[in-house]
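Structure first, commentary second.
The values are calculated or read from the model by the stated rules, or taken from the named source; none is laboratory data. Keep in mind the model is a prediction, meaning the values are calculated, not measured. Reconstructed Cβ throughout: ideal geometry from the backbone, glycine too, with neighbour counts over all protein chains shown. The protein model used for the area step is the full one, side chains on, heavy atoms only, and it has no ligands, DNA or RNA in it. Shrake-Rupley method; radii C 1.70, N 1.55, O 1.52, S 1.80 Å.
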Amino acid sequence: MGQNGSAAIHPLLTLSTPINVHEVLSVVATPETSQQTSPQLTQPTAQQPIGDSSGATTPLDRVAVLLMGYGEVESYEDFANYNEQALNLLTAKFAPVPTWIYPSLAKLLAIFDLHEWQHQHGNFISPHNAIFEQQRAGIEHHLQAKWGDRVQVFKAFNFCAPFLPKQVLTEIQAQGFEKILIYPLLVVDSIFTSGIAVEQVNQSLAELAGESEHWVKGLRYIPSFFDRPDYLDLLARLVETQIETDLADRYLPSQIGIVLMNHGCPHKAKGFTSGIDESQLLYERVRERLIHRYPLISVGWLNHQTPLIEWTQPNAELAARNLIDLGAKAILFMPIGFATENHETLLDVEHIIHALQRKRPQIAFVQMPCVNDHPDFLAMAAGWAEEHINALMTSEARSVNPSLAVAAAQTSHSHEHGHSHGHSHGHGHSHGHSHGHGHSHGHSGSDHSHHEGHDHSGHSHNGHSHNGHSHNGHSHNGHSHNGHSHNG
């Protein structure tokens with residue numbers, strides 16, 4: 001699963017030679033133990049003395065940061081369940097696929113996933129979840145340096161138990177937190193990223209609500225960071241460093257092609273924000289930091305090509321071919337729209353490079369990692385949260401009574417049906433009253449006519465090193481942030 005779109009439907013990759021990725025497992029728990037051993041937060045052992053004169057810390061002095069990501073399967077047995085959740089939450093928002101077919105389709109896709117991960121890529125296990133835990137721990141370390149145990153960072157995955165949003169929010173409630181910062185660690189804001197995060201949180205909070213008073217007394221939200229200057233500067237700096245390390249002594253700057261990879265987006269998402277504009281802006285702002293030194297730069301979209309769906313172009317492979325046609329002798333692939341390594345930034349990009357090398361063996365290719373647990377990224381990601389945590393800690397608690405919402409909705413419905421005013425004055429013209437009550441409601445299966453000007457509108461990837469990659473062996477070593485070199 002990537003950072004900005006659905007991964008539920010995807011083509012079956014066909015590589016002539018399996019890619020060796022066994023060394024990825026040196027930093028990832030085995031499928032049998034990973035879910036049981038994945039570290040989660042523990043109850044604080046000490047509290048910072050603030051608040052009342054006794055030195056006690058009240059729940060309102062504490063903030064739980066809900067750090068959200070997709071998550072990826074660590075046991076092949078989970079493919080079908082993962083795919084069905086992705087179909088329901090992601091694919092349903094852009095693809096004309098009836099929901100009744102999702103269970104069968106999820107099982108079919110699981111067969112493709114198993115073939116790709118196990119047979120084509122040597123029992124590949126995604127490093128995404130282990131990297132995300134490092135990101136969670138690093139961000140929490142920075143935040144606790146300022147606030148101590150009054151701030152805790154909890155990870156939640158959209159599709160992976162035991163870290164589903166409702167499971168994690170249940171733990172947050174059990175630990176006595178009453179203020180929450182929703183923080184999807186996903187680069188671009190769209191319905192496929194932060195949108196589904198809010199959807200899942202809302203559903204979970206509704207299910208966990210009390211009858212008379214909700215346990216959440218404060219809530220804030222960070223939708224994305226695609227336009228943060230410090231993130232853009234880091235991306236450009238990483239590209240420049242990689243070029244200096246791997247390519248600068250062999251190629252002129254104008255002979256080095258740079259493909260800045262965003263997650264592909266469908267052009268139509270049933271009226272939701274698809275993320276195309278935000279992703280394009282992200283690309284343009286990284287490009288403008290590099291273009292005066294390296295003229296050959298293109299966006300490359302990592303799409304999930306599906307029937308009947310128009311996806312963003314050029315895809316990453318086409319972008320690389322275009323740059324080669326313009327004289328590039330080396331191509332560098334940099335994922336800018338992904339913060340955490342995942343099967344797309346690893347396997348899909350490997351597939352693209354293999355396909356290109358078969359036709360252009362004289363071209364050198366460099367595959368860069370995501371920002372992952374880069375120290376600078378963890379520091380800035382924590383910094384983006386500080387103002388919101390401070391606002392939550394200093395704001396007055398707000399009590400919400402869910403039962404009042406039910407009563408208000410019922411009253412609104414009854415009130416709107418009680419009005420129908422029309423005045424006829426016999427002067428050849430009529431005067432209609434419009435009552436702006438600010439009410440909205442939905443009706444199913446009935447035709448209601450109101451003469452009050454009511455508007456019934458539709459609402460519609462632990463810092464793996466990527467060192468010295470040869471095409472006879474795949475090496476993901478250590479915690480450095482170096483790219484793979486693929487030399488023709």
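Take residue 389 and tell me if it is under 26 Å from the mean Cα position of the chain (by Cα) and at pLDDT below 95.
It is false that residue 389 is under 26 Å from the mean Cα position of the chain (by Cα) and at pLDDT below 95.
Residues that are within 25 Å of residue 255 (Cβ to Cβ) and open to solvent by 20 Å² or more (accessible area, probe 1.4 Å) within the range 273-295 comprise 284, 285, 287, 288, 289, 291, 292, 293, 295, listed in sequence order. So is residue 294 of a type outside the set (D, E, K, R), closer than 30 Å to residue 375 by Cα and not in a helix (DSSP H, G or I) or not? Yes; evaluated as a whole, the condition is true for this residue.
Residue-level check: of (1) over 26 Å from residue 387 (Cα atoms); (2) out of contact with any strand residue (DSSP E or B) (no Cβ under 7 Å at 6 or more places or on another chain); (3) open to solvent by 70 Å² or more (accessible area, probe 1.4 Å), residue 208 misses just (3). Tally time: how many residues in the range 327-349 are among the acidic types (Asp, Glu), closer than 16 Å to residue 317 by Cβ and crowded, with 24+ Cβ neighbours inside 10 Å? Adding up the residues that qualify gives 1.
Scan the range 249-272 and tell me whether some residue there is open to solvent by 10 Å² or more (accessible area, probe 1.4 Å), under 26 Å from residue 313 (Cα atoms) and among the aliphatic types (A, V, I, L, M). Talk me through it step by step, then tell me what you get.
Let us first name the residues in the range 249-272 that are open to solvent by 10 Å² or more (accessible area, probe 1.4 Å), namely 249-255, 267-268, 270-272.
Now narrow it down to the ones that are under 26 Å from residue 313 (Cα atoms): 253-255, 267-268, 270-272.
Keeping just the survivors that are among the aliphatic types (A, V, I, L, M) gives none.
Scanning the range 249-272 turns up no residue that is open to solvent by 10 Å² or more (accessible area, probe 1.4 Å), under 26 Å from residue 313 (Cα atoms) and among the aliphatic types (A, V, I, L, M).
When the criteria are applied in full, residue 171 fails the requirement of being closer than 27 Å to residue 394 by Cα, within 17 Å of the chain's Cα centre (by Cα) and open to solvent by 60 Å² or more (accessible area, probe 1.4 Å). For residue 144, are the conditions met, namely being at pLDDT 95 or above, surrounded by fewer than 24 Cβ atoms within 10 Å (Cβ to Cβ) and either within 30 Å of residue 394 (Cα to Cα) or of a type in the set (D, E, K, R) (or both)? For residue 144, the condition - at pLDDT 95 or above, surrounded by fewer than 24 Cβ atoms within 10 Å (Cβ to Cβ) and either within 30 Å of residue 394 (Cα to Cα) or of a type in the set (D, E, K, R) (or both) - is met. Quick one: is residue 308 assigned to a helix (DSSP H, G or I) and among the aliphatic types (A, V, I, L, M)? For residue 308, the condition - assigned to a helix (DSSP H, G or I) and among the aliphatic types (A, V, I, L, M) - is not met.
Do you know which of the residues in the range 221-248 that are within 30 Å of residue 391 (Cβ to Cβ) and of a type in the set (A, V, I, L, M) is surrounded by the fewest Cβ atoms within 10 Å (Cβ to Cβ)? Before the answer, list the steps.
Taking the range 221-248 first, the residues within 30 Å of residue 391 (Cβ to Cβ) are 221-235.
This time we only want the ones that are of a type in the set (A, V, I, L, M), so: 222, 232, 234-235.
On the way: 222: 19, 232: 19, 234: 17, 235: 25.
Out of the qualifying residues, it is 234.
Give me the residue from the range 392-402 that is in a helix (DSSP H, G or I) and open to solvent by 10 Å² or more (accessible area, probe 1.4 Å) and, out of that set, modelled with the lowest pLDDT. Top of the filtered list is 402. Within the range 362-390, the residues that satisfy the criterion of being farther than 20 Å from residue 227 by Cα and open to solvent by 30 Å² or more (accessible area, probe 1.4 Å) are 362, 390. Look through the range 60-119, keep the residues that are small (Gly, Ala, Ser) and in contact with a helix residue (DSSP H, G or I) (Cβ under 7 Å, 6 or more places away or on another chain), and return whichever of them is modelled with the lowest pLDDT. Filtering the range 60-119 for residues that are small (Gly, Ala, Ser) and in contact with a helix residue (DSSP H, G or I) (Cβ under 7 Å, 6 or more places away or on another chain), the one modelled with the lowest pLDDT comes out as 92.
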